[in-house]
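Notes to accompany the following structure.
The values are calculated or read from the model by the stated rules, or taken from the named source; none is laboratory data. It should be emphasised that the depicted structure is a prediction, and the values quoted were computed from it without experimental measurement. With ideal geometry, Cβ positions are generated from the backbone for all residues, glycine too; neighbour counts draw on all protein chains shown. Heavy atoms of the whole protein, side chains included, go into the accessibility calculation; ligands, DNA and RNA do not. Shrake-Rupley method; radii C 1.70, N 1.55, O 1.52, S 1.80 Å.
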Amino acid sequence: MESTLRRTWSEINLDSLKYNYSKIREKIGENVRFLGVVKADAYGHGSINVAKTLEEAGADYLAVSSIDEAMELRLNGIKMPVLILGHTPKEQVSRLIEYDITQAVTCRAKAVEYSEEAVKIGKTLKIHIKVDTGMSRLGYICEGDYFDNGVKGICEAINMQGLFAEGIFTHFAVSDEEGEENDAYTMHQFKLFREVCEEVERRSGRKFAIKHCANTGAVARFPETYLDMVRPGLLLYGYGEYAKKMGLKPVMTLKTTVSTIKIYPAGTKISYGGIFETDKTTRIGVLPYGYADGFLRSLSNRCSLMTADGLAPVRGKICMDMCMIDITDMPKVEVGSEVEIFGENNPIEELCEIASTIPYELTCAVSKRVPRNYIKDGEIVSKELMLRM
Ligand SMILES: *Cc1c(COP(=O)(O)O)cnc(C)c1O
């Protein structure tokens, strides 16, 4: 569905995505596989176009969080290997196999279920074993006293009928946070992961084709963790301090337009709750961008958006569909003028700082009524609006 509105929209620059891929590829070298994380609709960028771009650029693998997200890729013609990082109900095993989707196996109970289902239909499910080395979320616990039991469980899983263990992986909890203690934590996770892999390979006499653990922080900071494949998300989309250090480009720009301009006298309260009161004659622009579009309400009265005349402060509470900016003494800003919410000229990291959040949350928050305009070779090649029409 194509959008007819010129209200609030995002521009997804696939050229920047390709550029980021090639810079990361340069860093990791030709011999390390590249898995692009495209869960949550590619962090709000649109998983199909992101996947197609990565496929063309030469990436090796994709990862999503659920079978629905994996099916979306397959039904839209993506042929690359796809790994589901989260849980899939056992009833879906035949679909996983039919569509050649790789499933993470995170504990004994899941391994047993998946094996039984695969055996029932006489086929083989491709799996990657997940090891919990300190993230304390999914995976076989292998820390301390759990080591032997963890290794045993993994050996049991990779020998189960109907399962083919192509890979094994773990996830870092603090690789993107600097400081000695954090670095030591990551190195401990990495060491434990390698010990688990070695011990499983020794006991089972089998080798994993793909061992992987490096997320954004580790890709940027710990080359020794690359192993057979890296698994960045945020870095690929060009946000955060490590993207900046590597000279990567933010892929998404979010824009809106000024829909109405009003001039109020001093002493006027703006928006719900009247938390902002003008102290002089004030020119206010109304923007069709509110919390239903993904503007965090916690940013009310606290952040600024970029206009042709510089940064304009947001005044008063952010509403569901609108917000107000102060454009006093900004003569270039007129009805219809573009305003950049975040992008090349207004880094998303600044909004994150004010909202005490991370770029992941802001790009994922861009809601489905905001059209995505895709840019390739410098031109808009498609516009997508995800509403039911
Ligand atoms: C989301 C996720 C990633 C990517 O994380 P980034 O910080 O965006 O690089 C990698 N691995 C797993 C298991 C994830 O859930």
Query raised in the report: If the Cβ limit is 6 Å and pairs must be 6+ apart or interchain, which residue in region 362-389 that is in contact (Cβ under 8 Å) with a residue 40 or more places away in the chain pairs with which residue that is outside any strand (DSSP E or B) and open to solvent by 70 Å² or more (accessible area, probe 1.4 Å)?
Result: LYS383/GLU2; LEU385/MET1; MET386/LYS368; MET389/MET1
Report summary line: Counting only strands (runs of 3 or more DSSP E) entirely within region 290-369, those with at least 3 residues that are of a type outside the set (A, V, I, L, M) are 310-315, 338-342
Report task. Could you please give the count of residues in region 18-49 that are in a helix (DSSP H, G or I) and either free of Cβ contacts under 8 Å to residues at least 60 places away in the same chain or of a type in the set (D, E, K, R) (or both)? Result -> 10
Report summary line: Only one of (1) of a type in the set (Asp, Glu); (2) touching a Gly at 6+ places or on another chain (Cβ under 9 Å); (3) more than 14 Å from the ligand (Cβ to nearest atom) does not apply to ASP132, and that is (3)
Query raised in the report: Looking only at region 64-78, which residues are within 14 Å of ALA51 (Cα to Cα) and of a type outside the set (Val, Ile, Thr)?
Result: GLU69, ALA70, MET71, GLU72, LEU73, ARG74, LEU75, ASN76, GLY77
Query raised in the report: Which of the residues belonging to region 190-206 are more than 13 Å from PHE222 (Cα to Cα) and open to solvent by less than 60 Å² (accessible area, probe 1.4 Å)?
Result: LEU192, PHE193, VAL196, CYS197, GLU199, VAL200, GLU201, SER204
Query raised in the report: Tally time: how many residues in region 146-180 are of a type in the set (S, T, N, Q) and either within 15 Å of the ligand (Cβ to nearest atom) or not assigned by TED's automatic domain parsing to the domain that holds THR133 (or both)?
Result: 2
Query raised in the report: What's the number of the condition ASN346 fails, among (1) open to solvent by less than 80 Å² (accessible area, probe 1.4 Å); (2) over 30 Å from TYR264 (Cα atoms)?
Result: (2)
Requested in this report: Considering only residues that are under 10 Å from the mean Cα position of the chain (by Cα) and of a type in the set (A, V, I, L, M), look in region 32-50 and name the one that is nearest to the ligand (Cβ to nearest atom).
Outcome: VAL37
Query - Boolean, MET320 is touching a strand residue (DSSP E or B) at 6+ places or on another chain (Cβ under 8 Å) and in the same structural domain as GLY267 (by TED's automatic domain parsing) - result: no
Query - Total residues in region 370-383, condition part of a strand (DSSP E or B), surrounded by 14 or more Cβ atoms within 10 Å (Cβ to Cβ) and out of contact with any helix residue (DSSP H, G or I) (no Cβ under 7 Å at 6 or more places or on another chain) - result: 4
Requested in this report: Give region 167-189 a look and list any residue that's in contact (Cβ under 8 Å) with a residue 40 or more places away in the chain and buried (at least 17 other Cβ atoms within 10 Å of the Cβ), or say none.
Outcome: GLY167, ILE168, PHE169, THR170, HIS171, PHE172, VAL174, SER175, ASP176, TYR185, GLN189
Requested in this report: Tell me which residues, restricted to region 181-237, are of a type in the set (Gly, Ala, Ser), more than 16 Å from the ligand (Cβ to nearest atom) and assigned to a helix (DSSP H, G or I).
Outcome: ALA184, SER204
Query raised in the report: Of everything in region 238-258 that's closer than 21 Å to ASN373 by Cβ and in a loop (DSSP other than H, G, I, E, B), which residue is farthest from the ligand (Cβ to nearest atom)?
Result: VAL258
Requested in this report: Tell me, yes or no, whether region 57-74 has at least one residue that is more than 18 Å from the chain's Cα centre (by Cα), closer than 20 Å to VAL230 by Cβ, surrounded by fewer than 23 Cβ atoms within 10 Å (Cβ to Cβ) and more than 16 Å from the ligand (Cβ to nearest atom).
Outcome: yes
Report summary line: Scanning region 79-97 residue by residue, those closer than 20 Å to ILE48 by Cβ, surrounded by fewer than 19 Cβ atoms within 10 Å (Cβ to Cβ) and away from the ligand (no atom under 16 Å from the Cβ) turn out to be LYS79, MET80, ARG95
Report task. Within region 321-338, track down each residue that is among the acidic types (Asp, Glu) and over 17 Å from THR282 (Cβ atoms). Result -> ASP321, GLU338
